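Engineer: My questions all concern the structure below.
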Amino acid sequence: MKTTLFTFCLSLLCIGLIFSPQRVAHAERIRDLTSVQGVRSNALMGYGLVVGLDGTGDQTMQTPFTTQSLNNMLSQLGITVPSGTNMQLKNVAAVMVTAELPPFSRSGEKIDVVVSSMGNAKSLRGGTLLMTPLKGVDSQIYALAQGNLLVSGAGASSGGSSVQVNQLNGARISGGAIIEREVPVNFAGQTRLYLQLNDGDFALAQQISDEINRNFGGGTAMAEDARVIKLFAPADSAAKVRFLANIQNLPIRPGPMEARVIVNSRTGSVVMNRHVTLEACAIAQGDLTVEVARNNAVSQPDTPLAGGQTVVVPNTEISLREQNGALQRVNTSADLNNVVRALNSLGATPNDLMSILQSMKSAGCLRAKLETN
């Protein structure tokens, strides 16, 4: 009886491990794969002056717009500067101020701003940004920025023996702008919402649409194309928010994405999003010759008691001839990751590697989308 009860409990434990929520943790939420159309931030930009610099501001002889801006500001404050006055102000700098206006933001909220020098100022450290209007693409003022600048990248050791100075012509102001105008959004009056996929995929769009209809009833969602999914939302504003929140939290198990290889032409780095296999090909790149030959190798256990079985494993043999004429061969699996690693170990330069990958793509032996940045 005890043995039977122990076996039953062990079976329940195994079933619980199989169907435990930890296996669902690999699924992604719809909010991670899509965005709501129309719910986005807006870029703001403004021109202003930074004062209080320790002699590291603009040299007014080379930046006359700084002097002109200062004269205009002083005239608005009731101060008239005589014409022809040579203003040598080394503690003033002309800057551009940028910010992002979040969606559904309200008047009175504060947002962060980025301040960047547009003249020949040496450093903005210790400066204060004067009141700067931030405008949108419609030339309307949506926020006002002002505050003390925080410049990162400057530091010194405790003993003072070493000093690290990075870019000092850019700074941030946390909460440095106050929103004065709201962007009109007719979210409450919309009966149809649209989800936009981060990456266009017909299969994923249909999968998300089917999952929404399975949980909220047929006809709730409809995939219009590879990127847009139409949602028929409730008319009530509060019900619409709850409806969209529940949809965004639905788990989705996306299938394998398209194979993609991204090559950075400046650094020579190669990034692959999945295992990419190669077909047989031969490439000549300058003094470097590469041959990729596909063959099948038999994998068999060493001992009869190993418990395994004999399988056929596809291998790739790489033949690489260097400038000195020496021929080297490397046997590896038919995977681009291992092939790239083998080419690096054999002395292929980043430029050679990029040229080889492009030639493989043109020849049709690279079964992936190749992108060069």
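Engineer: Restricting attention to strands (runs of 3 or more DSSP E) lying wholly within the range 1-114, give those where 1 or more residues are under 22 Å from G126 (Cα atoms), at pLDDT 70 or above and of a type in the set (V, I, T).
Structural biologist: It comes to 42-51, 92-101.
Engineer: With the range 215-298 as the region, which strands (runs of 3 or more DSSP E) entirely inside it contain at least 2 residues that are modelled with pLDDT of 90 or more?
Structural biologist: Fully inside the range 215-298 and qualifying: 221-223, 228-232.
Engineer: Here's something else I'd like to know. Report, ordered by the first and then the second residue, all pairs with beta carbons closer than 7 Å, sequence separation of six or more or different chains, a first member in the range 103-119 that is in contact (Cβ under 8 Å) with a residue 60 or more places away in the chain, and a second member that is buried (at least 18 other Cβ atoms within 10 Å of the Cβ) and of a type in the set (D, E, K, R).
Structural biologist: Taking only residues 6 or more apart or on different chains, the pairs are G119/D58.
Engineer: Check whether at least one residue in the range 241-248 is hydrophobic (A, V, I, L, M, F, W, C) and under 18 Å from the mean Cα position of the chain (by Cα), and report yes or no.
Structural biologist: Checked the range 241-248: no residue is hydrophobic (A, V, I, L, M, F, W, C) and under 18 Å from the mean Cα position of the chain (by Cα).
Engineer: Moving on to the next point. Just to be sure I understand, how many residues within the range 221-233 are touching a Phe, Trp or Tyr at 6+ places or on another chain (Cβ under 9 Å) and in contact (Cβ under 8 Å) with a residue 40 or more places away in the chain?
Structural biologist: 3
Engineer: Condition test on S265, is it surrounded by fewer than 17 Cβ atoms within 10 Å (Cβ to Cβ), closer than 30 Å to L366 by Cβ and either hydrophobic (A, V, I, L, M, F, W, C) or not assigned by TED's automatic domain parsing to the domain that holds G136 (or both)?
Structural biologist: When the stated conditions are applied, S265 passes them.
Engineer: Hey, can you tell me all the residues within the range 177-193 that are over 15 Å from A43 (Cα atoms) and surrounded by 11 or more Cβ atoms within 10 Å (Cβ to Cβ)?
Structural biologist: Across the range 177-193, the qualifying residues are V185, F187, A188, Q190, L193.
Engineer: Quick one: how many residues across the range 197-214 are surrounded by 16 or more Cβ atoms within 10 Å (Cβ to Cβ) and closer than 30 Å to A143 by Cα?
Structural biologist: 0
Engineer: Something else about it: Answer yes or no as to whether S107 is buried (at least 18 other Cβ atoms within 10 Å of the Cβ) and in the same structural domain as L89 (by TED's automatic domain parsing).
Structural biologist: Criteria not met by S107.
Engineer: Every residue in the range 165-214 that is free of Cβ contacts under 8 Å to residues at least 40 places away in the same chain and outside any helix (DSSP H, G or I), please.
Structural biologist: V165, N166, Q167, P184, N186, G189, G200 - these are the residues of the range 165-214 that are free of Cβ contacts under 8 Å to residues at least 40 places away in the same chain and outside any helix (DSSP H, G or I).
Engineer: Within the range 115-133, take every residue that is assigned to a strand (DSSP E or B) and in contact with an Asp or Glu (Cβ under 9 Å, 6 or more places away or on another chain) and give me the one that is surrounded by the most Cβ atoms within 10 Å (Cβ to Cβ).
Structural biologist: Going through the qualifying residues, I end up with S117.
The values are calculated or read from the model by the stated rules, or taken from the named source; none is laboratory data. Owing to the predicted nature of the structure, the values given are computational and were not obtained by experimental measurement. No Cβ is skipped: glycine too gets one built from the backbone with ideal geometry, and neighbour counts run over all protein chains shown.
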